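Inspection log for the structure reproduced underneath, given as structure tokens.
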Amino acid sequence: MKIIIMFIAYIYSFFTEQEQVEPTQRNPKLPLKLDIQFFADPEDPPKDPADPIDPPPADSPTKIEFSAEQQAELDRILGERLGKAQAKWEKDLESKLETAKTEAEKLAKMNADQKADYERQKREDEMTKREGNITRRELRATALESLAEKGLPKQLADILVFTDAESTNASLDAVEKAFRESVEAGVNERLKGKPPKDGTGGGGQKNPFKIGPDYNLTEQGRIMKENPELAKQLIASSK
């Protein structure tokens, strides 16, 4: 209805203006031009954006509370550890300062050539020390692999020599021989007497074929090689 009323008002205004103009001055009749957009329905106002949704609050961390006794014990432990760490740090610092002082005094007594020789020798010694540490680590890793392959305890690596590969292999062979001889002597001593009739063996004899803490593949191989009949008895008693 609103659009119709506005359209009639627009036509009436047009013809009224035409009548007020002199006939000689009137413009020739032209097709009526209408602004179609003028009669268009107004656009809907933009909608307000939706309010942002606040993320859920994160869970607050749980506060750990200690009793007075627990706090006192914790303080005591921390105090002891901090005291030990500080004492060690002070001792190391004192040692380093003393070494630096001794070196400074030594350098003060040297001429230019002596100082140059001293510094060169010092660098060479440090390089030799670093290379030696690397060599020992590599030889120790290889020795641990060899001990595992031979079925020997890895603790034996602590008594090996890691100067070079040759000395390491020689010490490994010597340790292996001594260890196996010792084990064999102990086994032979315990195997004296009657053959075992149960899983633990006569007189508390351990059975390396029985699944449990005494199970030992190395010992099984040795017994099967040296005493096949005893091995059969141990296998039968382990079932």
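Derivation of every value follows stated rules applied to the coordinates shown; laboratory data play no part. All values derive from a computational prediction rather than experimental measurement. Cβ sites come from the backbone with ideal geometry, for glycine too, and all protein chains shown count toward neighbours.
Points to keep in mind about this one:
- Spin-label pair residue 167-residue 89: with each label point 7 Å from Cα along the Cα-Cβ axis, the two points sit 3.8 nm from one another.
- Computed packing ranks the peptides 92-104, 160-172 as 160-172, 92-104, most packed first, by mean other Cβ atoms within 10 Å.
- Chain lengthening between residue 127 and residue 73 when straightened (0.36 nm per residue, less Cα-Cα): 14.8 nm
- Cβ-defined net charge surrounding residue 113, 12 Å radius [Lys, Arg +1; Asp, Glu -1]: 0
- Euclidean distance of C-alpha centroids, segment 145-177 and segment 208-227, integer Å: 22 Å
- Remark: for residue pairs 91/115; 84/154; 129/150; 154/206, the C-alpha separation exceeds 25 Å in 91/115; 84/154; 129/150.
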